[in-house]
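Asker: Here it is, the structure, as structure tokens.
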Amino acid sequence: MRKFHFAVLALLVLISLAVISCEKQEGQGGSSSITGKVLVRQYNANFTTLTGQYYATDEDVFIIYGDDPVYGDKTTTNYDGTYRFEYLREGKYTIFAYSEDSAGYPTQHEIPVIKEIEITKRNQEIDAGTIVILK
């Protein structure tokens, strides 16, 4: 009888682990993607005069999966400022790129420009729009 109870308990533990492991978290392993662009607004040294603007080439863009405290992946923009994160599962994502701080705080030279995105179904292609950064 004792072996039977042990076997039932072991089976319940295995079923519980299987159910927990089937829960998919945000991140890679899916069929959706997030695409966007990064636009640079170029200013003079004290940010009083806009001297030009252009789509960023070779600019780092980061993604945070769900509520993770650190970024999960990064990519760089191509020649026309476009970036893309592929193979994402359903869930919430934070996309960001770093911009110079126009407020001129002495302790912070760069600040993140953030976009919040949610993928709600498989095979979605989300356009995150344009992230505008200052240089």
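Asker: Report the trypsin sites (Lys or Arg not before Pro) located in the stretch 79-131 that are in a DSSP loop and have at most 15 other Cβ atoms inside 10 Å of their Cβ, or state none.
Answerer: Lys121, Arg122
Asker: Are there chymotrypsin sites (Phe, Trp or Tyr not before Pro) in the stretch 20-120 that DSSP marks as loop and that have at most 10 other Cβ atoms within 10 Å, and which are they?
Answerer: Passing sites in the stretch 20-120 are Tyr79.
Asker: Still on this model: Lys121: which aspartates and glutamates have alpha carbons under 17 Å from its alpha carbon, excluding same-chain residues fewer than 8 sequence positions away?
Answerer: Glu23, Glu26, Glu86, Glu90
Asker: In the stretch 38-86, carbon and sulfur make up what percent of the accessible area (probe 1.4 Å)?
Answerer: It is 46 percent, rounded to a whole number.
The values are calculated or read from the model by the stated rules, or taken from the named source; none is laboratory data. Because the structure is a prediction, the values reported are computed rather than measured. With ideal geometry, Cβ positions are generated from the backbone for all residues, glycine too; neighbour counts draw on all protein chains shown. Protein only, heavy atoms only, side chains kept; ligands, DNA and RNA dropped before computing areas. Shrake-Rupley method; radii C 1.70, N 1.55, O 1.52, S 1.80 Å.
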